[in-house]
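This report refers to the structure that appears directly beneath it.
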Amino acid sequence: MLLREDDSGVLAIGQPSHAWLSGQLARAWGNERFGQVEPREEVCLAADQHDVGWDARDLEPLYDPETRLARSFMAMPLDMHLELFTGGPRRMLSQSRYAALLVSMHGFRLYARRNLDRVAPSDADAIRAFLEAQRHFQSQILAWLRADPRSAPAASDEVVERNSLLIWTWDYLSLGLCLDWAPATAKGCPTSGAAVDLELTAGSEPGQLQLDPWPFATPTLTVHCEGRRLHQRYDSQAALRAALAQAPWETLEFQLSPAARES
């Protein structure tokens, strides 16, 4: 769960809603500089569903006694976090092999960045086992895709890596929007040429943001997600879940535009 604090309290945004916002970015993506998304349907589906493992978990979030709110996605127990990123790709297999591959690669990329020398030996062993299992899962899917004439062209190492990096970029931008990170930089975004860094900055009004360089096909873009408004903190998991069940829903809308250029 994502927790966005503001003057009205906390907006609790489910991971799948943040992923939905990533999918909206994906469907609008592409221009002469940034190229197109291919295979479009499969990659956009993966963007929409890259946190599919969290859907049931965010309906009954864990309680954090330190904040007296739900545990954020960055404070989940390791075993549960690994379980969610293992189950999500498997579930996607019933819908799309290619999307399942990209969802697996996203979780893999998150954990491959961890410095295992800085975690407890038991945690390091669990992460290594997760990474090895995901390598095997991905190899199996790639074999299926490359044996299929329809999917083989999009299953090369180069294309798959580009699409995985796109998912990574959309995930970061969506988190930046949901958690009000601007100014923020999405590093190493793929284009039709060399990779670039995308700069996300706040505009003059709430909900207005600028992106430079501009990666979308349209002159501006409006995206949104949903969350539940909490006005206080809670003394137990039961109280938190009861409050969430009754909490009013809010829609967060973001209006994106290209950064103004100085003349």
Output for the stretch 87-113, where each listed residue is more than 21 Å from Glu41 (Cβ to Cβ), more than 15 Å from the chain's Cα centre (by Cα) and open to solvent by 30 Å² or more (accessible area, probe 1.4 Å): Ala112, Arg113
Yes/no for Glu132 being free of Cβ contacts under 8 Å to residues at least 24 places away in the same chain, in a helix (DSSP H, G or I) and of a type outside the set (Lys, Arg): yes
Matching helices (runs of 4 or more DSSP H) fully within the stretch 1-111 where at least 3 residues are charged (D, E, K, R): 40-49, 55-59, 78-92
Sole exception among (1) open to solvent by 40 Å² or more (accessible area, probe 1.4 Å); (2) in contact (Cβ under 8 Å) with a residue 40 or more places away in the chain; (3) of a type outside the set (D, E, K, R) for Leu175, by number: (1)
Any hit, the stretch 159-175, residues being in contact with a strand residue (DSSP E or B) (Cβ under 9 Å, 6 or more places away or on another chain), of a type outside the set (A, V, I, L, M) and not in a helix (DSSP H, G or I): no
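Residue by residue, here is whether (1) among the acidic types (Asp, Glu); (2) closer than 22 Å to Gln15 by Cα; (3) open to solvent by 70 Å² or more (accessible area, probe 1.4 Å) holds:
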site	(1), (2), (3)
Ile141	no, no, no
Ala147	no, no, yes
Arg162	no, no, no
Thr201	no, no, no
Gly207	no, yes, no
Pro215	no, no, no
Leu221	no, yes, no
His224	no, yes, no
Gly227	no, yes, no
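The values are calculated or read from the model by the stated rules, or taken from the named source; none is laboratory data. Since the model is a prediction, treat every value here as computed from it, not as a measurement. We place every Cβ from the backbone using ideal geometry, glycine too, and count neighbours over all the protein chains shown. In case anyone asks, the SASA skips ligands and DNA or RNA and just uses the protein heavy atoms, side chains included. Shrake-Rupley method; radii C 1.70, N 1.55, O 1.52, S 1.80 Å.
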